[in-house]
Amino acid sequence: MTPESHSPTGTDDPMSGPPPGCPAHGLGPGGLHRLYGPEADDLGDLYEKLRDQYGPVAPVLLHDDVPIWVVLGHTENLHLVRTPSQYTRDSRIWTPLLQGMVKPDHPLMPHIAWQPICSHAEGDEHQRLRAAVTGAMSTIDHRSIRRHIGRYTQRLVNEFCEKGRADLVSQFAEHLPMAVMCEILGMPEEYNDRIVQAARDMLKGTETAIASNEYIMGCLMRLTARRRAQPEEDFTSHLINHPTKLSDDEIGQHLRVVLIAAYEATTNLLANALRMVLTEPGFRAQLNGGQMTVPEAVEQSLWDEPPFSAVLGYFAKQDTELGGRQISRGDGLLFAPAPGNIDPRVRPDLSANMQGNRSHLAFGGGPHECPGQDIGRAIADVGVDALLTRLSDIQLDCEEDELRWRASISSRHLVELPVRFEPKPQQDVMLKPSPAPVPPQRPNWQVSTARPQPAPAAEPLPTPPSPTPTPPPAAPSARPRGVWQRLKRWWRGH
């Protein structure tokens, strides 16, 4: 796809653009909107503007004014991901890349560059690599994982429950998925603040992203070597021992894909679900009233705030048509769950309840549909439920319009989610979460208006001999009668 094909007039004369100072001066070549820079501060509004102007498929520009299509329609997005005969994830056929428009240091190159992994492969090679990943996924004990999620939730809540305040992004949502994924992969000893920060850093595309990626790959390659020598009952061991016989490099790269994709998606899902519960009265009321379960609330969040707003990228294998637009061979396309989920042809009323409806685009579709989506749902379901059980009086600690977001082409997530609550005591991480510790029971409940007799003294523990004799315990007859004994005596006429 070239800028000429995007221009409404069929030309790409940079001089035909608006003069400096004009409100439209932020437009790029051919009058196309950029998905980066000041205009992209609110991609949600931009997507709706593009939908009004172009329909379900719109021409846009990536960084360095590289042209690409963004797919805005729900039906069109599903067709894109479900038609491997027309679209591939192999970027090596992308025309701007072949023409040298996409430089090696392009900011989005880590997302675009082809890698020997199942999400970029197709045909027999895709089947081989995908079979290893799904085979290892099928060995995961989901009951055990839900227990781990509950325990890690307890540990994280214990770190701030006594303070009465917390940031649920940095202290909870960013940590719980990484702790669980390290457990699943078989490297719980690697879970710490450093690996959490490295994962967030490499996804932000900062100057230290390459070093962060190297740190994570180092952890994963050490794990691969350990499990080659000594396999255990974990995802990595099953991936290594799968009949497809992946190489160490293939093992490490797929562990990275599973870890980072699951981590980023679930972190955003957790933060978004908690924000909806805290800011939308209807959500909280339905949860408290039993009219909505936490899994249903999570599913609603997947419609309204999918963890990935767009995925780079798909590429046309032939000349074709999508959403009324002529797509040329080698054109790139963005799979875009965020605008697709609010396509007015699918959701004419955005306030309508989507409980029980899983036809959203949050986990993709077709041959590259997310294989670990059940794990992501479990982390969100169990984590949110356990946190709300422990901190039942939790409230947002700022005005909703004061919440700050960090947006990119790929995702939109909260920077922080400050909350307050009455300080709570820590709880045993091995037990199910409870709203509050059980109060001590009175030793002698009486069903009577008479003044209760004092309880007998408890029998003392053995002590060393003493010159002062220990008084004998109270006689059994002095023990006040319980409810059941009094009821039997009344029934017998005593």
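The values are calculated or read from the model by the stated rules, or taken from the named source; none is laboratory data. Small disclaimer: the values here were computed from a predicted structure and weren't measured. Here the Cβ positions follow ideal geometry from the backbone for every residue, glycine too, while neighbour counts run over all protein chains shown. Protein only, heavy atoms only, side chains kept; ligands, DNA and RNA dropped before computing areas. Shrake-Rupley method; radii C 1.70, N 1.55, O 1.52, S 1.80 Å.
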Any GluC sites (Glu not before Pro) in the stretch 304-399 that lie in a DSSP loop and have at most 12 other Cβ atoms within 10 Å would be Glu369, Glu399
Hey, what do the phi angles of the stretch 326-340 turn into as Karplus ³J(HN,Hα) couplings, whole Hz, using 6.51/-1.76/1.60 and θ = phi - 60°, x for Gly and Pro? 7, 9, 8, 4, x, 5, x, 9, 8, 6, 10, x, 4, x, x
So for each of 53-61, 128-136, 259-267 I average, over its residues, the number of other beta carbons within 10 Å; can you give me the resulting order with the highest mean first? 259-267, 53-61, 128-136
Radius of gyration and Dmax over the Cα atoms of the stretch 103-169, both given in Å: 20.0, 55
Using modelled backbone amide H atoms (1.01 Å from N, in-plane), which distant-in-sequence or interchain residues come within less than 5 Å of Ala166's amide H? Val419
When ranked by the protection proxy of mean other Cβ atoms within 10 Å per residue, highest first, what sequence do the peptides 141-154, 269-282 form? 269-282, 141-154
Take the solvent-accessible surface of the protein heavy atoms, probe 1.4 Å, and return the percent of it on the stretch 249-394 that carbon and sulfur atoms account for. 49 percent
Could you pull out the GluC sites (Glu not before Pro) across the stretch 174-249 that fall in loop regions by DSSP (anything but H, G, I, E, B) with no more than 13 other Cβ atoms inside 10 Å? Glu207, Glu232, Glu233
Cross-link partners of Lys424 among aspartates and glutamates (Cα-Cα below 18 Å; sequence separation of 8 or more within a chain): Glu159, Glu162, Asp167, Asp385, Asp393, Asp397
